[in-house]
Every structure is written in structure tokens, then in C-alpha cells.
């Protein structure tokens, strides 16, 4: 009965979808179908265009395409991780796009630029129980998950030097994946961002989760070192390395927090014994330099060696159907030759004066299982991409029910029919394709949006086209300045609400702004400026609107105190009058009387912003 009711609901939704044109309204287009030509593109952001193609041969097919022009230095490719957690993340593509929009990145080889997420598609396969990706994930230069040689394809990769490629078989050479300590000891990595089983040495990055999830144990004790890095833990070949410094040593204390710019080195067994002996002898201590090297190597059978060094974004892939303009025609999985909804990433590469140039990168989603779009086979998709867009290389991602495209924070394709397969379209043998699927409550999950009647699948990863916005910083506060909290607020592992909270602090809590290792103090992220604040040895990132300065900040000719506004020079009498208002001030003003000091033999009269401090009554 519940299943029949769900089907009836889906049919109502489908009829509603037929009456609506969400794509055109989302993109601001007219309600007529876009022309079926590669020249009818609509700009959706600088360097990024969109087009919907409506095919009628060999059947009705809708193909949603975004393209990125890599020659624009401000556009880039990024990956999204469901929930921001490799360990258990599952999330809709739309929510992933929102999660990473305005978050800081490492594009341009510096922390602090921000993502403007323009387009996003679902990523590669994942464990539907845990959300863990099946293959590699490279996120903002971090190797967040290792590639799996036995599953699928190495997929699509985008590098810091603006190159795109599709890999194949890869493997990890132990001696090229290690850390080196001050005395030259260099244990090999056993794994990256995995739960401990019998491994001796696991590297945990900020993409794993907020902490390592390790446990203190008398039978298998763990030693964990928090290492702050100068740049992300990226793929970089020996003799290259990523330099970091030990910030904390935790011997068998269980789960360790992972700040946004740090890794945790977790050791068990004999490797732990070796590292612990160096800690006890003083070879390894707080401040010690650590060098991290990670490398991916193409299998010996691969004729072409890919430029994996300094990869910026990457995901595993399914069918590698185009290579240098050559279409693949044979696939071991019969699904490749069945019309289905599809997700793919492709690009057009040419040679200009002997130099390989990427002209365009394309995200492609094809809808299926609805009367307007009956799906496509992989060979048909390859033929169309070559003949219409001149694509030279392409690989599919997780297709079928997961196929989703988001453009400027709106889902533009029919995810409901793709996922439920229950929109009135029969299979070739006359059966209902939905009958072959589990009920929705037994699948890996969906998100239901009442506002537009759409079902969005929960997926493990996504691929995004991003406009990278420049670093912006506030100078309203300064390092070593004391601040008070004006409302209960979170202290986070990184600058931005996309990072997990370490703790919360209440109104009136006093902290001190400390100098951050990568000079990101006051950086703009997720709509606010963020400061690195120490609250009695609990240090993390707090948004500027929740902080009240308690001591003056000298910034050239400007002096700001005691709140976020420029003061005017007044007399001692003016200050005394302000002190009389201390009962209505968020923090007693009396504490300021000894902190102000003379400024040109007079004193500062604070300007109070009533919008920021509504409790203040003059």
C-alpha cells in the first residue's frame, strides 16, 4: 500500500513538472526550448556557460551542459564532499554547492581565496551505507581519499597549472608516500583517511571529519601528532615535500581534532614505538619540522604518464569513453549500452605550437525515465559529444538515479524521474523500471523539497565549476588584542561556518586574538570575517560580529576602540560620561579606564553601532 501511494505521489509530481519550466526560470531564460546548436550558450558566470540540448533522434533526449573556459584565470574546478566528511558524508548536490559556496580554497597556491560555486554535478560511486567514496578524492589540493586501482577508473583530474586529464590504473609506491622527521626517520604511510584496522601509520586530513575517531586502548595504544602545514597535503613527488610543524603530541588520548590547515599522524604498533622513542628523547617535540610526501603513479601498463603532481581537484570515474578523440566501443558492463540517465565530465584538448591546451571543460547530465528524455547509452553520448562539441576526452561518473546538475544554486534537471524511475515511462520489455528498485526508504536516501516537489538523491561527492574570488581581510581587530564575546558563538576548526565547531563560548567570555601561522587573521569566508582567538588555551576561529575589542588597535593614523567603529577625539569628561553607562554595556566599561591611555593628550569617545549592539541604550 505504501509503495502504491508513493507511486501515485510521483505521478502527481511528474504532471506538475510537465507544467513547470524550472530550468528556464532558474537561469532567467525564455520559456521556449533552447536551440540545438553549440553556439546558443548562456553565460551564467564569467568564464562559465550553460546550454540545454533537446534531441529527437534516436529518441527524445535532454542533455544539460555547462562549460568552463580554462583560459580565464579566475575559474577553476573543485570537488565537494558530502557533509564535508569522508567518513560518513552523504548530501544532495545542491547542499554541497551551498556548503562550499564562499568557503576559502587554495586556488592560486594560497589559502584565503573564496569559491563562488557556479555549477555542480554528482560525483563518483560511494558506499551507500557509510558514504565513503569508492575511489580517489582530491579536494582543494588535499589528497582526501586514495585512489582504488581495482575499482573503475582513476577518473577526472584538474591541476594547479590548469591542466585536465583522465587517469586510468594507478598505484602507490610505499617509499614515495611517507613523512620525514628531523633525524631522517621516514615511516611509510599505510593509509589516508581510513578507520584503523591493522595499519601502523594513517594520515588524517581535515576532510576526514572534525576528529580522527581513534580511541585510547591498552592493547593497541595510539600516538597522534598534530602537524600544521604550510600548504595542503597534496600530491607532490620526491624530492619535493609539504613542510609542516608539530603543534601537539597526544600519546594514547583517543580522538584528536583536525584543524583546517593541519594533518594528524596516527601511529600504532612498532611504528608508534619508534616515533614515541624519538618523542621521549626530544628528537620530536612541539615545533619540530615534518616533511610529507605523497605520490600517485600510473601503472606500468599505462603508455602515457599523467601529471599528477599538484593536482587540485579529482574524482574517480566509471566509463572512460573518449581518449584523445578515440571513442571506446567495448564495455564489460552491459549498462553502458542501455539508455539511462548519465553524468559525465569531458574536455576538448588541442595542440597549439606543440603545447597541449584545454579549450573547454564540460559537465554533462542526461535525463532519463521521463517522456521528455528517455536516457542515452555511453556510445551514443560519446558520438554526440564528438560531433556536437568537438570533445576529445570524456569519462562518466555515478549515473542513473544520482544524475543531478545544479547551476547558480538551482537544480536544473529532472532528478525526480531519474531517481524514482516512476514517471510513466516503460522499459523496452514493457515493464516499469521502478519495479526493479527498492522503496525510497530502503535506498541510500533522498531529500524531498516541498517547495518545488523535487526529489534529490543523497550522494557522496560532487564536481563543481567555481569562480575564485580574491582574498579579502578585515583590519577592525588585530593580533594580541583582547576581545569579549557579545553573544554565544561557536569556536571553529577553520575560518568559515563550513568547518566544525570545537566548542561554544558564552556572552562575556574573554579571549585574545593570536597570530595565525598562514596569516589568515580577519579573512572573509561564508559571509563573515573570521579571527583566530585563544579562549584560555582553547583556540579556534570566531566570526567578527560576535567579538568586541577590549583594547585599542593602532592601524596607521586610525585608532579603533572599544567597538567596531572609528572614534572621535574627546575629553576626559566625555569618557567619564561613558563610564556611567556601564550597566547597559555588554562588557563593563570600567575595565577600559586603565586600558585607554592618552591619544594626543586626549581620549577616544567610542561610536556605538545600535544595529550590532541593540542592548546598548545611550
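Structure above, values below:
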| quantity | calculated |
| --- | --- |
| Hits in the range 114-136 (condition: surrounded by fewer than 24 Cβ atoms within 10 Å (Cβ to Cβ) and over 13 Å from the mean Cα position of the chain (by Cα)) | 125, 127, 128, 129, 130, 131, 132, 134 |
| Every residue from the range 430-473 that is exposed (fewer than 13 other Cβ atoms within 10 Å of the Cβ), in a loop (DSSP other than H, G, I, E, B) and modelled with pLDDT under 70 | 438, 439, 450, 451 |
| Residue 478 vs. criteria farther than 25 Å from residue 209 by Cα and outside the structural domain of residue 207 (by TED's automatic domain parsing) | yes |
| Selection within the range 167-195 - surrounded by 19 or more Cβ atoms within 10 Å (Cβ to Cβ) and in a loop (DSSP other than H, G, I, E, B) | 168, 177, 181, 187, 189, 190, 193 |
| Odd one out for residue 309, checked against (1) in contact (Cβ under 8 Å) with a residue 60 or more places away in the chain; (2) under 24 Å from residue 72 (Cβ atoms); (3) assigned to a strand (DSSP E or B) | (3) |
| Which listed residue is touching a helix residue (DSSP H, G or I) at 6+ places or on another chain (Cβ under 6 Å) and touching a residue at least 12 places away in the same chain (Cβ under 8 Å), from 201, 181 | 201 |
| Single unsatisfied condition, residue 68 versus (1) surrounded by fewer than 17 Cβ atoms within 10 Å (Cβ to Cβ); (2) in contact with a strand residue (DSSP E or B) (Cβ under 8 Å, 6 or more places away or on another chain) | (1) |
| Residues of the range 223-256 satisfying the condition of being over 25 Å from residue 296 (Cβ atoms), in contact with a strand residue (DSSP E or B) (Cβ under 6 Å, 6 or more places away or on another chain) and not in a strand (DSSP E or B) | 255, 256 |
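The values are calculated or read from the model by the stated rules, or taken from the named source; none is laboratory data. As the structure is a prediction and not an experimental result, all values here were calculated from the model. Virtual Cβ from ideal backbone geometry, glycine too; neighbours counted across all protein chains shown.
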